[in-house]
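I have placed the structure first, in the form of structure tokens, so that the comments after it can refer back to it.
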Amino acid sequence: MKVLGIETSCDETAAAVVEDGHKLLSNVVASSVDLHMAYGGVVPEIAARSHIEAINPVIRQALKEASCNWSNIDAVAVTYGPGLGGSLLVGVLTARTLAIIHQKPLYAVNHVQAHAYAAFVTEVDEQPEFPLLALIVSGGHTQLVLFKDHFNYQVLGRTSDDAAGEAFDKVAKMLGLPYPGGPSVEKLAEKGNPNKHKFPKAKMSDKYGFSYSGLKTAVLRAAQSAIGEDYNFPSHKLADKLTNAQKADIAASFSRVAIEMLVDKTVLAHEQFAPKSVVVAGGVSASPELRQQMDAKLPIKAYFPDIKLCTDNGAMIAVTGYFLARKGQKVNPKKLDTVPSLSM
Ligand code: KG4
Ligand code: ZN
């Protein structure tokens, strides 16, 4: 069964064809990230306009690279939430139209859940098994989820403020590094001393809860004190005053602790629930630091999606669509709405 997956929840216009829920036939991603760089974050109106321009060529390219035409496609899957309202609308309206014109079943996919399904793009005999513990860490979400089976899950904990990726993005901005912050902070961190600053880990009453606001403030205070200023010094002026060595030390110390918080809770949940598999997914799962720390501390080998499937893509939507199809959970293409605030 070949599923076309369409993803437009944020700043990536993506489409992919996946066969039988694991075999990647194509994966096309057009990002408007360059257009947002000047603003230090995603501008919703620019993202939505870029999706409108890119969606048809991206889908055409995904079909072409998969050597498919519409007669070979068995179903369409699309992200209907969570995400930016205008961005989601472009993907959902396109998918609805295509499903109606080509008379294909339509599957509505939760973007956060789909990140975990990126780990299913592999050989069938190497796919993650249930019960499955998933750490989903992206720009908008940070949560630990225990899946008993497909679409049967319990959220063990989530962030009470910023998402991990968001914290990387904000620290990057403070240090004058380009958006998205994760890769740029990590690149600079390689040159810094991760033990230079002793940043605090959030202590949560909720065993599997996360919080990044305290760490973010600690980073701000460390940067202010590194240049001999007090807490009144504005964060947007820090980048000009900090030396490259100071920035690298802050990036390295921040990155180590930000990732440690994720790994600690995953190890704890693994101890308590003894899942058969652990999946780490979402944009932050591209982090080499996260991969190293998880490898070192988790007793079993975690599944990390291929790097190109960690950030937003159509393949994870197609795979989720495939498993929704196996459960017979199609939606009415004339009625599907976007749900920007959808959660798991
Ligand atoms: O999953 P994603 O592409 O979009 C959302 O659904 O949010 O995740 C984007 C986030 C950004 O915050 C970005 O800074 C972070 O993932 N990210 C990383 C890395 N690559 C992307 N964070 C840490 N290390 C990375 N290598
Ligand atoms: Zn995402």
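What to note about this one:
- Remark: the ALA239-ARG326 segment gains 26.2 nm on full extension, using 0.36 nm per residue and subtracting the alpha carbon distance.
- Over the residues of the chain, the helix contribution to mean residue ellipticity at 222 nm works out to -13000 deg cm²/dmol, using -39500 (n - 2.57) for each DSSP H run of at least 4.
- In region 1-155, the DSSP beta bridges split such that about 75 percent are antiparallel, to the nearest 5.
- Karplus 3J(HN,Hα) series, Hz, for region 127-133 with 6.51 cos²θ - 1.76 cosθ + 1.60 (x for Gly, Pro): 6, x, 10, 8, x, 10, 9
- Think of the chain as a dipole: +1 on every Lys or Arg Cβ, -1 on every Asp or Glu Cβ, centred on the Cα centre; then among GLY83, ALA48, SER211, SER211 lies furthest on the positive end.
- Potential extension, ASP20-VAL124 segment - 0.36 nm per residue separation minus Cα distance: 36.5 nm
- GNM flexibility winner over the chain from VAL185, VAL90, VAL155 (Cα, springs under 10 Å): VAL155
- Sulfur and carbon atoms: percent of accessible area, region 132-304 [1.4 Å]: 51
- In loop segments of region 110-208 as defined by DSSP, the trypsin sites (Lys or Arg not before Pro) with at most 12 further C-beta atoms inside 10 Å of their C-beta are LYS198, LYS203, LYS207.
- Centre separation in Å (Cα based) which lies between region 255-281 and region 54-97: 33
- Protein heavy-atom accessible surface, 1.4 Å probe, per residue over the chain: 43 Å².
- Around the Cα centre of the chain, unit charges on the Cβ atoms of Lys, Arg, Asp and Glu (plus for the first two, minus for the last two) sum to a dipole of about 360 debye.
- For region 235-247, Karplus couplings with θ = phi - 60° (6.51, -1.76, 1.60), whole Hz, Gly/Pro x: 5, 6, 9, 5, 4, 5, 8, 6, 7, 4, 5, 4, 4
- Solvent-accessible area of SER211 with every protein chain in place, 1.4 Å probe, in Å² to the nearest 10: 20
- Label zone at ILE100, where the point sits 7 Å out along the Cα-to-Cβ direction: region 320-344 residues whose backbone N lies under 17 Å: 331-338
- Couplings 3J(HN,Hα) of region 293-301, computed from phi: 4, 5, 4, 6, 10, 8, x, 10, 7 Hz, in residue order, whole Hz [Karplus 6.51 cos²θ - 1.76 cosθ + 1.60, θ = phi - 60°; x for Gly and Pro].
- Two-site FRET efficiency, GLN272 against GLU190, from Cβ-Cβ distance with R₀ of 25 Å, rounded to 0.05: 0.15
- Solvent accessible area, Å² - TYR153, 1.4 Å probe, full protein context: 70
- Model label points for SER213 and TYR39, set 7 angstrom from Cα along the Cα-to-Cβ axis, are 2.4 nm apart.
- Straight-line cross-link partners of LYS198 among the lysines, defined as a Cα under 22 Å from its Cα and at least 8 positions apart when in the same chain: LYS170, LYS173, LYS187, LYS216, LYS241, LYS247, LYS265, LYS297.
The values are calculated or read from the model by the stated rules, or taken from the named source; none is laboratory data. All of these numbers come straight from a predicted model, not from anything done at the bench. All Cβ positions, glycine included, derive from the backbone under ideal geometry; neighbour counts span all protein chains shown. Please note that ligands, DNA and RNA were not included when accessible areas were found on the heavy atoms of the full protein model with its side chains. Shrake-Rupley method; radii C 1.70, N 1.55, O 1.52, S 1.80 Å.
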